[in-house]
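Engineer: Sharing a structure here in structure tokens format.
A short reminder: the numbers here are calculations on the coordinates, not readings from a lab. Every value quoted in this text rests on a predicted model; they were computed, and no experiment measured them. With ideal geometry, Cβ positions are generated from the backbone for all residues, glycine too; neighbour counts draw on all protein chains shown.
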Amino acid sequence: MALSRKLVQQRSSVFGSRSMSWWRSVEPAPKDPILGVTEAFLADPSPDKVNVGVGAYRDDNGKPVVLQCVREAERRIAGNLNMEYLPMGGSVKMVEETLKLAYGENSEHIKDNRIAAVQALSGTGACRLFADFQKRFRPESQIYIPVPTWANHHNIWRDAHVPQKTFHYYHPETKGLDFAGLVDDIKNAPNGSFFLLHACAHNPTGVDPSEEQWKEISKLIKEKGHFPFFDMAYQGFASGDPERDAKAIRIFLEDGHLIGIAQSYAKNMGLYGQRVGCLSVLCEDEKQAVAVKSQLQMLARPMYSNPPVHGALVVSTILGDQELKTLWLKEVKGMADRIIGMRTALRENLEKVGSPLSWEHVTNQIGMFCYSGMTPEQVDRLTNEFHIYMTRNGRISMAGVTTGNVGYLANAIHEVTKST
Ligand code: LMR
């Protein structure tokens, strides 16, 4: 029987007002400190604008790059494969190849099946999966995070409800490593703490421990029974050679640690939007690795069920073919070398425009970023007066610096820093 018009009106006003109140208390979220910079850059109509915010590689014309090895892999894949679901743990082939990059081609740990590993949604997804795993199986634990770190690390462990502590890492005066502070914090943390370490090309500082310092860090972490978790988002971007950039991890493996690693192909294969990565946890034995992997899959299943297939196929096609792998290594080196060249160019240009400040750290730091030492107010001036976009912590993405904009950038930096 049809409802009377009055009743319908009454009902809709009740449901209407109720549904309207559901989200009334929701305030807009703050802008992301990194991706928000890209949004602001895109909205700026100025022809002079420069984006040195997000860590995404650009060629010397400032254009995004798709590696030739990726194009060739895509050509081989196209039309040849179905679109079936991957298993919950992702592409077995991709994971196998990825583990070799981190643990070594002839790793005993791989041969002994001691590594629980799953495909993850790039490095972020790998960190988040690990944080959730940590919370589920070590619910009382905390995570020690370097100061500073990639801003999203804080969000990841916060949303996984893992309490955070910090440890000293960067020394603002030397613009290098605060090794003494770092060592003290490792020693003073309660035994068996979790430590988040950047395997290479530290983001945002571009400051990595030396080999000797890594050995010392490994020894201390072992003595204290801490768990080292490595975020390796830039393998290949520090030295140009992925094998050399795995050095810290290899030192820890030689010292007999049980470790976790988040790996990503966003930067070193330029697969930013494909979201391909891997989470691995080195276990005591194969039985434990099987159990841990099954629990990682169990965490993935209600979150995203199983990871996307295309990027994983691109990676496994490249790394599974000697010719394509050689091309990839050459292209990674090419990207790293262009950035190193831009570091020299930026420093030279700053010196040329007469900056009285020391810019030695621009060439001393490594990887995609230069932690310039500029204050948030100076960065605001760069943006407002010169249309130069970067994160307010003073991080310059060297990947966005080109032969065409380096002079403009250096001049603007000089203008905003000359009165300090
Ligand atoms: C960055 O630090 O700029 C990149 O890792 C991109 C991101 O997701 O923050």
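Engineer: Which residue, A180, N191, S218, has the largest displacement toward the positive end of the dipole of the stretch 166-240 when charges sit on each Cβ (Lys, Arg +1; Asp, Glu -1)?
Structural biologist: N191
Engineer: Convert 4 °C to kelvin, take the viscosity as 1.567 mPa s, use the Kirkwood radius over C-alpha pairs of the stretch 86-320 as Rh, and evaluate the Stokes-Einstein diffusion coefficient in µm²/s, rounded to a whole number.
Structural biologist: Rounded to a whole number, D works out at 73 µm²/s.
Engineer: Right, something else. Direction-averaged shadow area of the convex hull around the Cα atoms of the stretch 240-350, nm²?
Structural biologist: 9.8 nm²
Engineer: Which value in nm describes the separation of the simple spin-label points at S46 and D32, placed 7 Å from the Cα toward the beta carbon?
Structural biologist: Here the answer is 2.4 nm between the modelled labels.
Engineer: So which of K93/K293; K100/K267; K267/K352; K135/K293 end up more than 20 Å apart, counting from Cα to Cα?
Structural biologist: Check vs 20 Å cut-off fails for K267/K352.
Engineer: Could you give me the ³J(HN,Hα) list for the stretch 270-282, computed from phi with Karplus coefficients 6.51, -1.76, 1.60 and θ = phi - 60°, whole Hz, x at Gly and Pro?
Structural biologist: Each residue of the stretch 270-282 in turn: x, 9, 2, x, 7, 6, 10, x, 8, 10, 10, 10, 7 Hz.
Engineer: In Å and whole numbers, how far do the C-alpha atoms of the stretch 77-222 stretch along each principal axis, longest first?
Structural biologist: 56, 34, 30
Engineer: Something else: Please name whichever of V309, P64, P148 sits farthest to the positive end of the charge dipole of the chain, dipole taken about the Cα centre and charges placed at Cβ: Lys and Arg +1, Asp and Glu -1.
Structural biologist: It is V309, whose Cα lies furthest towards the positive end.
Engineer: For the chain, count the residues as N, evaluate 2.2 N^0.38 Å, and divide the Cα radius of gyration by that value, please.
Structural biologist: Compactness ratio reported: 1.08.
Engineer: Regarding the stretch 18-144, what is the average projected area of its C-alpha convex hull, in nm²?
Structural biologist: Taking a quarter of the hull surface, the average projection is 15.8 nm².
Engineer: If you wrap a convex hull around the Cα atoms of the stretch 112-198, how much volume per residue is inside, in Å³?
Structural biologist: Taking only Cα atoms, the stretch 112-198 has a hull volume of 130 Å³ per residue.
Engineer: I want to make sure I understand the PRE zone here: with the label point 7 angstrom from the Cα of A291 toward its beta carbon, which residues in the stretch 131-157 have backbone N atoms less than 20 Å away?
Structural biologist: Those under the cut-off are 131-141.
Engineer: Cα extents of the stretch 196-242 along the three principal axes, largest first, in whole Å?
Structural biologist: That works out to 32, 19, 19 Å along the principal axes.
Engineer: Tell me, what ³J(HN,Hα) does each residue in the stretch 206-221 have, in order and in whole Hz, if you take phi through Karplus 6.51 cos²θ - 1.76 cosθ + 1.60 with θ = phi - 60° and put x for Gly and Pro?
Structural biologist: After applying 6.51 cos²θ - 1.76 cosθ + 1.60, I find x, 10, 10, x, 6, 4, 4, 5, 4, 4, 5, 4, 4, 4, 5, 5 Hz.
Engineer: Once each part is reduced to its C-alpha centroid, what is the distance from the stretch 99-113 to the stretch 308-343 in angstrom?
Structural biologist: The stretch 99-113 and the stretch 308-343 have Cα centres separated by 20 Å.
Engineer: How would you rank 315-322, 195-202, highest first, on the average number of other Cβ atoms within 10 Å across their residues?
Structural biologist: The packing order, highest mean first, is 195-202, 315-322.
Engineer: Taking the stretch 160-234, how much of its Cα-Cα pair set, in percent, is spaced more than 19 angstrom apart?
Structural biologist: 33 percent
Engineer: Separate question: Quick one: putting +1 on the C-beta of Lys and Arg, -1 on the C-beta of Asp and Glu, what dipole do you get for the stretch 93-226 around its Cα centre, in Debye to the nearest 20?
Structural biologist: 460 debye
Engineer: Calculate I(q)/I(0) for the stretch 295-420 by the Debye formula, one identical point scatterer on each C-alpha and no solvent, and give its log10 at q = 0.12, 0.14, 0.20 Å⁻¹ to two decimals.
Structural biologist: One equal scatterer on each Cα of the stretch 295-420 leads to -0.62, -0.72, -1.02.
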